[in-house]
Amino acid sequence: PKIGNVSPPVICDGVPIPLVAVPDTLTTYQWNTGATTSTIMADTAGWYKLYAYNLCDTIRDSIYIDEGSNIQFSLGNDTIICAPNVVVLDVRGLGADSATWSTGSKNGVLPVTASGSYWVKLFNKCGVFTDTINITVTPQPGGKVGDKAVCNGDTAVLDAYRPFITRYLWNTGAT
């Protein structure tokens, strides 16, 4: 027999994986772990060897089982920034073999200067892990109220409204 398809041949976060002799119709099974059944649970990294016997033949197979970790991460809370500021999304050092961003970038760092929904897929031997963040970039307030001539005793209305501005502070202390 042979050891059935194990995909991926990795113990992730300590979760054992089954190793199955295929076909399981032979009379005697001997694993290098000491087990004598057609199926065992691999719970540590290393070589697993199977010897299967019947009256006519001895058949051997082996497989290397690796260990790895699932990637647990977050790109953070949805964010609002003011232009020309930049949000830097950084997934380096998380245990990924590679990364792919919604922009097509393959770098571990993605500088964001435009509004949008950004996702990243991180790949390692335990699988694919993903997260998404929404970033809103608002324009700089800019502009000015403008100069106005006001005669003594008259009043004037000064309008400083700009979209996305949430707080105003006048030179008089008024807000």
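The values are calculated or read from the model by the stated rules, or taken from the named source; none is laboratory data. Values in this document were obtained by computation on a predicted structure and should not be read as measured data. Quick reminder, even Gly has a Cβ in these numbers, built from the backbone with ideal geometry, and neighbours come from all protein chains shown. Just the protein is used for accessible areas: all its heavy atoms, side chains included, with ligands, DNA and RNA removed. Shrake-Rupley method; radii C 1.70, N 1.55, O 1.52, S 1.80 Å.
Give the number of residues within the range 57-66 that are modelled with pLDDT of 90 or more, open to solvent by 80 Å² or more (accessible area, probe 1.4 Å) and over 29 Å from the mean Cα position of the chain (by Cα).
Count: 1.
Has the range 91-112 got at least one residue that is more than 15 Å from the chain's Cα centre (by Cα), at pLDDT 95 or above and assigned to a strand (DSSP E or B)?
yes
Which ones in the range 1-46 are modelled with pLDDT of 85 or more, hydrophobic (A, V, I, L, M, F, W, C) and either within 20 Å of Cys126 (Cβ to Cβ) or assigned to a loop (DSSP other than H, G, I, E, B) (or both)?
Within the range 1-46, Val10, Ile11, Cys12, Val15, Ile17, Leu19, Ala35, Met41, Ala42, Ala45 qualify.
Can you find, within the range 67-111, the residue that is surrounded by the most Cβ atoms within 10 Å (Cβ to Cβ) among those that are within 17 Å of Thr130 (Cα to Cα) and of a type in the set (Ser, Thr, Tyr)?
Per the stated criteria, the residue is Thr100.
Restricting attention to the range 9-56, which residues are touching a residue at least 24 places away in the same chain (Cβ under 8 Å), within 25 Å of Asn70 (Cβ to Cβ) and open to solvent by 60 Å² or more (accessible area, probe 1.4 Å)?
Asp13, Pro18, Met41, Asp43, Thr44, listed by residue number.
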